[in-house]
1. Kindly evaluate Leu294 against the criterion of being modelled with pLDDT of 95 or more, among the aliphatic types (A, V, I, L, M) and within 19 Å of Asp9 (Cα to Cα).
2. Output yes when any residue across region 287-310 is more than 24 Å from Pro7 (Cα to Cα), of a type in the set (D, E, K, R) and surrounded by 19 or more Cβ atoms within 10 Å (Cβ to Cβ), and no when none is.
3. Within region 26-49, how many residues turn out to be out of contact with any strand residue (DSSP E or B) (no Cβ under 9 Å at 6 or more places or on another chain), small (Gly, Ala, Ser) and either at pLDDT 95 or above or closer than 25 Å to Lys91 by Cβ (or both)?
4. So Leu89 passes all but one of these: (1) modelled with pLDDT of 95 or more; (2) in a helix (DSSP H, G or I); (3) aliphatic (A, V, I, L, M). Which condition number does it fail?
5. Just to verify a result, which residue in region 103-150, among those that are of a type outside the set (A, V, I, L, M), part of a loop (DSSP other than H, G, I, E, B) and in contact with a helix residue (DSSP H, G or I) (Cβ under 8 Å, 6 or more places away or on another chain), is surrounded by the fewest Cβ atoms within 10 Å (Cβ to Cβ)?
6. Gly257 is checked against (1) under 21 Å from Leu125 (Cα atoms); (2) modelled with pLDDT of 95 or more and fails just one. What number does that condition carry?
7. What do you reckon, is Arg21 surrounded by fewer than 23 Cβ atoms within 10 Å (Cβ to Cβ) and within 17 Å of Ala297 (Cβ to Cβ)?
8. Which residue, of Asp50, Asp46, is over 30 Å from Ala336 (Cβ atoms), without any contact (Cβ under 8 Å) to a residue 60 or more places away in the chain, assigned to a helix (DSSP H, G or I) and of a type in the set (Asp, Glu)?
Amino acid sequence: MKIAVLPGDGIGPEIMAQAVRVIKALESDGSKFEMEEGPVGGAGYDAAGDPLPAGTLDICRKADAVLFGAVGGPQYDTLPRAKRPEQGLLKLRKELGLFANLRPAVLYPELAEASALRPEVVAGLDIMILRELTGDIYFGQPRGRRQTDSGEREGFDTMKYAESEIRRIARVGFEIALKRGRKLCSVDKANVLDTSILWREVVSEVAKEYPQVTLTHMYVDNAAMQLVRAPKQFDVIVTGNMFGDILSDQLAGLVGGLGMAPGANIGPDAAIFEAVHGSAPDIAGKGIANPLALLLAVGLMLEHIDQPDLANRLRTAIDQVLRKDGVRTPDLDGKASTSDFTQSIIRRLGQLETGRAVRA
């Protein structure tokens, strides 16, 4: 299996180093992974004057999966928009045709106190948010800034979705729901937006292909409220680019913060797995970054490349480190360093037999 490794900036290289350690530890059962590293984001700009250098893109095209750290830093804030670090990830998604963003939110019982909500509200929380990645207001044209006839500055963006884009992401949502609790909630703003009216119509049409799944619809403002009022009512949520961007980060606060939030970006022939938090330049180099988001993303990656036993083994090791060993990084009110936390996981991996990944 070929894995493209893109550490990025800030704490990206620190957490990526831990992910690589864990992947190598998982090779002990005979599985082999070929990893090739490439610069991206600010590191890409420093190396080649581009946040996604041609060489890095080539590495990603040849890989079975891409593992992505984090990008950004204050030293790049004055660069032209096209050269900013975050453009590296956006361009990579576009070049690889990635249209579906999966953001699982699972609350480990031992981290219930780290949730923004009361433990009894979030206990047992397990939600998947599916966000469309290639359309919506982020990519619609026309967009820009202009000066009105009165001399006032004005900014404008276009929210737009094609039927085929909605149908494609809806099918992914229904397929995921079939493997989980068979409930899909489609989030839109159909009481105000024409784009959302079309979204709701197309999702409802696709639902006829999946009679085993119960489909509901919810306005995005109500969905935001329900996620903090009664989040366990949801199983799988499918929504557009902008709404998904907002709701997925809100949901991360329910399971302990972005340090616990992995993400997967999926397309027909490629996939990126990432820690969705930022590059955290304020703690870069201090050895205290929480690697869990990226390690959980490794689990998603292993499932994607048909290694479910390894994925389960990794998740069991993480569970045992949190629950039995009580090891935490500072953001989770612990004292373990980034490296020590990972070492605890590697030790637990060594104690587990492959395929014996029942949550203990």
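The values are calculated or read from the model by the stated rules, or taken from the named source; none is laboratory data. This structure is a prediction, so every number in the text was calculated from the model and none was measured. Every residue, glycine among them, receives a Cβ derived from its backbone with ideal geometry; neighbour counts consider all protein chains shown.
1. Yes: the conditions hold for Leu294.
2. no
3. 3
4. All conditions are met except number (1).
5. The extreme case among them is Gly124.
6. (2)
7. yes
8. Asp46
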